[in-house]
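The values are calculated or read from the model by the stated rules, or taken from the named source; none is laboratory data. This is a predicted model, so every value here is computed, not measured. Here the Cβ is made from the backbone with ideal geometry for all residues, glycine too, and neighbour counts use every protein chain on show. Just so you know, the surface numbers come from the protein's heavy atoms only, side chains and all, with ligands and any DNA or RNA stripped out. Shrake-Rupley method; radii C 1.70, N 1.55, O 1.52, S 1.80 Å.
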Amino acid sequence: MGMKEIVKLFSEKGILIDPEALDYISSKDDPLSFAQDVISKLSESSLVLTLEEIKKMESPEEENIEEEEGLGTKIFEKVPVGTGEKVLAKEYESEVKIIKDVTGNVTCKGEVDDFTKLFNSRYNKIKKIFHSQRRGLRNSIPIKKIKSGKIKEAQIIGIVKDIRTTQKGYRIVEIEDEEDSITVLIPKDDPRLYQQAQEIVYDEVISVRVTSGRNGLFIAQSVSYPDISVNHKKKKSEVPVYVAFLSDTHIGSKKFLRDHWDRLIKWLNGEIGNSRQRDVARKIKYIVIPGDTVDGVGVYPNQDKELEISDIYKQYQILSEELQKIPDHITVIIQPGNHDAVRPAEPQPALEKEIQDLFSGKEFIFVGNPCYFSIHGVEILSYHGQSLLDFSTSIPTLKYNQPIDIMKVSLRKRHLAPIYGGHTPIAPEHEDFMVIERIPDIFVTGHVHLSSVGEYRGVTLINASAWQAQTSYQKMLNFVPDPAKLPIVDLKTGNTTSMDFNVV
Ligand SMILES: [Fe+2]
């Protein structure tokens, strides 16, 4: 059995394998059965398998025996409370820095020229990225120059104003820079170009290599997205603490998953879980909530029928009470989503002071949506994710229930929500806060109530589940959520783990 097969076996289970671990498995007499044995022993979905973990499995100490026996909620509940045990995360001071956030920087006044300012900001930011990253794209020229007819071929950068398909299957894209606009035909016979053209969406900034043909027609030779560098070097923290991502709590909804939530709280307090799981809990120093903390009121048709608490202020009071149950040494970072009590247009500022004042007893940090912040030097881009729907309905290759693929496209476009006039309301800020100006180490979204983890060019991608069962609205849309899961990142190693409270 070759290394490729081993990697495949693990990747089918959603597990990445460390090169050292791979070497070790390959060196065994029967690598296949050894690998299968390893998989069977992974009781939580560890995403990167290390050699250390395999060694631990081979020489089961007391804790591993307990782990094998300890599967199933009932047995977990019997595990003695972790009092007196070392709480690692407690030993470290929190270290959160806000890098970029619209909170306190709202500039739009709702005037007509606000949108002009927003799109100019977007154009200039993305153009800067093109010029800084891509050698071949540095020499772009203004659209009016190629239209003058003197230049036969050139690189241009512009905002997509229109994109359509002709009856013969050609894509026609109209792009615009600060002075002029141009209509470009994208041939259908080049599969690579065709694929690139499939991903073009309205209002994003792209770079196109065009040649001028007959009759004033311009033909695309290639389409480029700003993208992120191929091998982003992920920053790591010096201290061994974990950050957990817990999205879409939807407090106030009748569909709030009370039992799962209570198990989460018990686990965080060291009361349930096998020894390995309790060890993870002890290392959690941060919890990030990427939006939809409460269910809100009047967010979707007939929502009132599914509300347990119909007063939004009361919903936040209950949220505060629930978060109070989390150990005090954990810092909680709260971001709003489309169900929260802030303006619906993105970027959204942090929850207002009146609501923030309801929270006490531990460190709470209120941020806007989106927000760049760092934890012990590890940069996180947190975005609730409303535009995931716009991307999936605009690009035929994307599916709403595969958020990781959408997040990759978003990174390629260096923009969180380019499409204006879709599902995501956009505020005409004078600066475009939705541009992905910095390459994060972790990019997290919520909103779609799914739980998935992935990686793109060195960036960890997380969609952070939900704590709400399927709503009637989701049922109508035929959408099945994947709730009560908790993706966790070890800030020191960058490795990812996930806890499943449907099982724990
Ligand atoms: Fe939600």
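Provide a single number: the residues in segment 214-251 that are within 16 Å of the ligand (Cβ to nearest atom) and modelled with pLDDT under 95. Selection size over segment 214-251: 0. Filtering GLY291, GLY296 for residues that are under 17 Å from GLN468 (Cβ atoms) and free of Cβ contacts under 8 Å to residues at least 60 places away in the same chain leaves a single hit, GLY296. Answer yes or no as to whether ARG171 is basic (Lys, Arg), under 22 Å from TYR225 (Cβ atoms) and surrounded by fewer than 16 Cβ atoms within 10 Å (Cβ to Cβ). For ARG171, the condition - basic (Lys, Arg), under 22 Å from TYR225 (Cβ atoms) and surrounded by fewer than 16 Cβ atoms within 10 Å (Cβ to Cβ) - is not met. Can you name the residue in segment 252-294 that is part of a loop (DSSP other than H, G, I, E, B) and within 15 Å of the ligand (Cβ to nearest atom) and, of all such residues, is most open to solvent (accessible area, probe 1.4 Å)? Looking at the filtered set, the residue picked out is LYS254. Within segment 435-475, the set of residues being open to solvent by less than 10 Å² (accessible area, probe 1.4 Å) and away from the ligand (no atom under 16 Å from the Cβ) comprises VAL435, ILE436, PRO440, ASP441, ILE442, PHE443, VAL459, THR460, LEU461.
Looking only at residues in segment 321-348 that are crowded, with 24+ Cβ neighbours inside 10 Å and polar (S, T, N, Q), the one that is nearest to the ligand (Cβ to nearest atom) is GLN335. Taking every residue in segment 326-351 that is modelled with pLDDT of 95 or more and pairing it with any residue that is among the basic types (Lys, Arg) and open to solvent by 30 Å² or more (accessible area, probe 1.4 Å), at least 6 positions away or on another chain, the pairs with Cβ-Cβ distances below 8 Å are PRO327/LYS90; HIS329/LYS90; PRO349/ARG343. Determine which member of the set ASP500, ASP490, ASP482 is within 16 Å of the ligand (Cβ to nearest atom) and farther than 24 Å from GLU346 by Cα. Among ASP500, ASP490, ASP482, only ASP482 is within 16 Å of the ligand (Cβ to nearest atom) and farther than 24 Å from GLU346 by Cα.
Figure legend. Inter-residue proximity from segment 366-381: first residues at positive phi, second residues among the polar types (S, T, N, Q), beta-carbon distance below 6 Å, spacing 6+ or different chains. Indicated pairs: HIS376/SER237; GLY377/SER237.
Residues in segment 414-434 that are in contact with a helix residue (DSSP H, G or I) (Cβ under 7 Å, 6 or more places away or on another chain), within 16 Å of the ligand (Cβ to nearest atom) and open to solvent by 20 Å² or more (accessible area, probe 1.4 Å): HIS423 alone.
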